[in-house]
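The values are calculated or read from the model by the stated rules, or taken from the named source; none is laboratory data. Worth saying up front: this structure is predicted, and the values here are computed from it rather than measured. Note that we place each Cβ from the backbone using ideal geometry, even for glycine, and neighbour counts take in every protein chain shown.
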Amino acid sequence: MPKVSTSDFRNGLTLRLDSDIFTIIEFLHVKPGKGGAFVRTKLKGVTTGKVLDKNFRAGENVEAVRVERRPYQYLYNEGEIYHFMHQETYEQITIGENRINRKDFMKESEEVTVVVDADQEEILFVDPPDQVTLEVTSTEPGVRGDTAQGGTKPAELESGASIQVPLFINEGDQVKVDTRSSKYLERVKS
């Protein structure tokens, strides 16, 4: 297994610590006035989803996990089992619900990224695209003059996710959403 130094840390790097796999969410090199330098990290467990704060000494070596990101098409789900098809080989796979990130923003026939441990060919997790376009299926009508500054209201999307949208958004509108923050980005013209 390849080792990486703390100086090579970057967001998204996947590490193996205590026989579990973590992804770096945030990191910061800290050089205190007294004592040795260290790297403060926030790690997310790939299998558990738990977020962990961990410090590493500067220059410490850690085992890296070589991952591959493969394009798959989301087909459908049966309860907690989700079905995907590889975009080039047409091979179909099933993945448990606990390995899927932000599943509320996935709709059928959409392309997703399946992250695989390249050395052991084990599926780690599934990520939807960072931005998706979805239809608003239900929302309250916005009343002009409700607010002085742009107000928001809750809206249900075709994928089942609920987000806050501006008052001018109506049922049937297409909206672009950032799946990482669950925030409305813009209305999409048909």
Note on segment 49-81: residues among the hydrophobic types (A, V, I, L, M, F, W, C) and closer than 22 Å to ASP127 by Cα are VAL51, LEU52, ALA64, VAL65, VAL67, LEU75, ILE81
Output the number of residues of segment 13-43 satisfying the condition of being under 24 Å from GLU122 (Cα atoms), hydrophobic (A, V, I, L, M, F, W, C) and not in a strand (DSSP E or B).
1
Just one listed residue, out of GLY49, GLY45, is over 18 Å from VAL4 (Cβ atoms), surrounded by 14 or more Cβ atoms within 10 Å (Cβ to Cβ) and not assigned by TED's automatic domain parsing to the domain that holds THR89, and it is GLY45
Scan of segment 162-187 for residues that are part of a strand (DSSP E or B) and under 21 Å from THR113 (Cα atoms), ordered by number:
LYS176, VAL177, ASP178, LYS183
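Every residue, every condition in (1) among the acidic types (Asp, Glu); (2) surrounded by 12 or more Cβ atoms within 10 Å (Cβ to Cβ); (3) assigned to a strand (DSSP E or B), yes or no:
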{"site": "ILE95", "(1), (2), (3)": "no, yes, yes"}
{"site": "PRO141", "(1), (2), (3)": "no, no, no"}
{"site": "LYS153", "(1), (2), (3)": "no, yes, yes"}
{"site": "GLY160", "(1), (2), (3)": "no, yes, no"}
